[in-house]
Amino acid sequence: MNCELIDTLHAVTSPLSLVLLRGQLRYLQTAGFHPAALSGPGAFAEQMGANDCVPVFTVAMEREVSSLRDLASLIRIWRLLRRLRPSICNAGTPKAALLVMLAAWMARVPCRIYTMRGLRLETASGLQRMILVAAERIACACAHRVICVSPSLRDRAVNMNLVATRKTVVLGSGSSNGVDVDRFVPQPPRIARATEIRRELKLGNGPVIGYIGRFTRDKGIGELTAAFDLVRAHFQALLGIISSEKGAVVKTIGDAVMATFVRPEHAIVAGLRMRAAMDELNAQRGRDDLVVKIGIHEGPCLAVMLNERQDYFGQTVNIAARVQGLSTSQAIHVTGPVIDTPAVAAILEKQAITPIQKKAALRGIADTVVVYEIP
């Protein structure tokens, strides 16, 4: 390994975090640079060096605060930088940012970049938070430029006085390492595999939430479980109301529900109850950001069996979906055939609700449609 050729060094704390650099080092090679990586020791570091054909240096770095070990790691990194003498040093993840940026400053590396991928301090308190704030400020002070992976992260770092605005930059719209969109193209083999996994894990046809990361508070597991509980409460409320009003769930699409009812008046009562249920959930949470948008239409449609489930197609279904799209926060929109049903009119009159008539151009529908908003 010819260390004299290395001009760019990318550093992370854990060897597993080297995945954040996937594709970057090879790109630098094609651009004429001679990159290398630095992380803690581990099999993944060796694997990345072999796969990307780049040197990977290892220095043990403790993720938690450890004064003596951190000092030892700092000295080893400083010695490595003095030997390599890179022109550019880019460090990401909190501990590597502190140690590598400080060592790079001590070694007088000409270009020092801190890639800020998050703020671990946000979930800390007391003395630990004070230490983490100081560490972030030192890393930012030692860096010539701080790359924030999102505009919101930059705003947060600046507002907390961790770094000056002039020193920060967000690449494009913000990203840690971009997204390889080809990996998510719904090709037949991937769709077949997804169907197989759903069947193996008995997931049904409902929404699936994926989580990648350590199950720790600073990785957002608290927010994830809170979101899951909210989605579950939302579905329990909606599905329970649909069933009690002589309705049936056709399918769920994300957090949306498509349902059928025996009569239009059943759908109207269900819609009003759903809106009230969301208001109740918001009151329990002390917030008002949980909304439900409802569209109701009545008419003939084509019923078929698809993937062992009954589904519905046709213009009636299309209009119902487009009408739902007209709704904003907690709004219910219905069409003329629904509002003209005597039982529906009686329900609205009993609740002192006066529908608001509108004309709307619905996507994919040739003629303008008269719709009614239920305030």
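Looking only at residues that are assigned to a loop (DSSP other than H, G, I, E, B) and surrounded by 21 or more Cβ atoms within 10 Å (Cβ to Cβ) in segment 72-93, which one is nearest to the chain's Cα centre (by Cα)? Restricting to residues being assigned to a loop (DSSP other than H, G, I, E, B) and surrounded by 21 or more Cβ atoms within 10 Å (Cβ to Cβ), the top hit is Thr93. On inspection, Leu224 does not qualify as in a helix (DSSP H, G or I), in contact (Cβ under 8 Å) with a residue 12 or more places away in the chain, surrounded by 15 or more Cβ atoms within 10 Å (Cβ to Cβ) and out of contact with any helix residue (DSSP H, G or I) (no Cβ under 7 Å at 6 or more places or on another chain). No other residue among Pro55, Pro15, Pro35 is touching a helix residue (DSSP H, G or I) at 6+ places or on another chain (Cβ under 6 Å) and more than 29 Å from Leu121 (Cα to Cα) apart from Pro35.
Of the residues making up segment 297-321, those that are in contact with a Leu (Cβ under 8 Å, 6 or more places away or on another chain) and free of Cβ contacts under 8 Å to residues at least 40 places away in the same chain are Phe313, Gly314. Screening the candidates Thr58, Thr13, Thr30, Thr8 for the property of being polar (S, T, N, Q), closer than 19 Å to Pro110 by Cβ and in the same structural domain as Ala96 (by TED's automatic domain parsing) yields one hit, Thr8. Just name the residue that is surrounded by the fewest Cβ atoms within 10 Å (Cβ to Cβ) out of those in segment 227-265 that are basic (Lys, Arg) and out of contact with any helix residue (DSSP H, G or I) (no Cβ under 9 Å at 6 or more places or on another chain). My answer is Arg232. Test Val179 against the criterion of being modelled with pLDDT of 85 or more and either touching a Lys or Arg at 6+ places or on another chain (Cβ under 9 Å) or outside any helix (DSSP H, G or I) (or both), and give yes or no. No.
Which one is modelled with the lowest pLDDT, of the residues in segment 334-374 that are acidic (Asp, Glu) and either in a loop (DSSP other than H, G, I, E, B) or over 21 Å from Ala321 (Cβ atoms) (or both)? Applying the filter and picking the extreme gives Asp367. The residues in segment 138-160 that are within 17 Å of Leu98 (Cβ to Cβ), in a helix (DSSP H, G or I) and in contact with a helix residue (DSSP H, G or I) (Cβ under 8 Å, 6 or more places away or on another chain) can be counted, and the count is 5. Is it true that Ile319 is surrounded by 14 or more Cβ atoms within 10 Å (Cβ to Cβ) and over 33 Å from the mean Cα position of the chain (by Cα)? So Ile319 fails the test.
Considering each of Gly204, Gly172, Gly213 in turn, give the residue that is closer than 30 Å to Ile253 by Cβ, outside any helix (DSSP H, G or I) and at pLDDT 85 or above.
On inspection, the qualifying residue turns out to be Gly172.
Looking only at residues in segment 25-71 that are of a type in the set (S, T, N, Q) and crowded, with 17+ Cβ neighbours inside 10 Å, the one that is nearest to Arg129 (Cα to Cα) is Ser39.
Scanning segment 359-375 for residues that are touching a residue at least 24 places away in the same chain (Cβ under 8 Å) and closer than 14 Å to Ile319 by Cβ returns Ala360, Leu362, Arg363, Gly364, Ile365, Val369, Val370, Val371, Tyr372. Ser243 meets the conditions (1) of a type in the set (Gly, Ala, Ser); (2) touching a Pro at 6+ places or on another chain (Cβ under 8 Å); (3) at pLDDT 90 or above in every case but one. The failed one is (2).
Going residue by residue through segment 248-264, is there one that turns out to be within 22 Å of Thr354 (Cα to Cα), at pLDDT 85 or above and in contact with a strand residue (DSSP E or B) (Cβ under 8 Å, 6 or more places away or on another chain)?
Within segment 248-264, one or more residues are within 22 Å of Thr354 (Cα to Cα), at pLDDT 85 or above and in contact with a strand residue (DSSP E or B) (Cβ under 8 Å, 6 or more places away or on another chain).
Comparison of Val163, Val231 shows that the only residue that is assigned to a loop (DSSP other than H, G, I, E, B), farther than 24 Å from Glu298 by Cα and of a type in the set (Val, Ile, Thr) is Val163. Considering only segment 312-332, how many residues are part of a loop (DSSP other than H, G, I, E, B) and touching a His at 6+ places or on another chain (Cβ under 9 Å)? Summing the residues that are part of a loop (DSSP other than H, G, I, E, B) and touching a His at 6+ places or on another chain (Cβ under 9 Å) in segment 312-332 gives 1.
Note on segment 322-356: among residues that are charged (D, E, K, R) and without any contact (Cβ under 8 Å) to a residue 40 or more places away in the chain, the one that is surrounded by the most Cβ atoms within 10 Å (Cβ to Cβ) is Asp340. Scanning segment 257-311 for residues that are aliphatic (A, V, I, L, M) and in a helix (DSSP H, G or I) turns up Ala267, Ile268, Val269, Ala270, Leu272, Met274, Ala276, Ala277, Met278, Leu281, Ala283.
The values are calculated or read from the model by the stated rules, or taken from the named source; none is laboratory data. In this text the structure is predicted, and so the values were computed from the model without any measurement. As a convention, Cβ positions derive from the backbone with ideal geometry for all residues, glycine included, and neighbour counts pool all protein chains shown.
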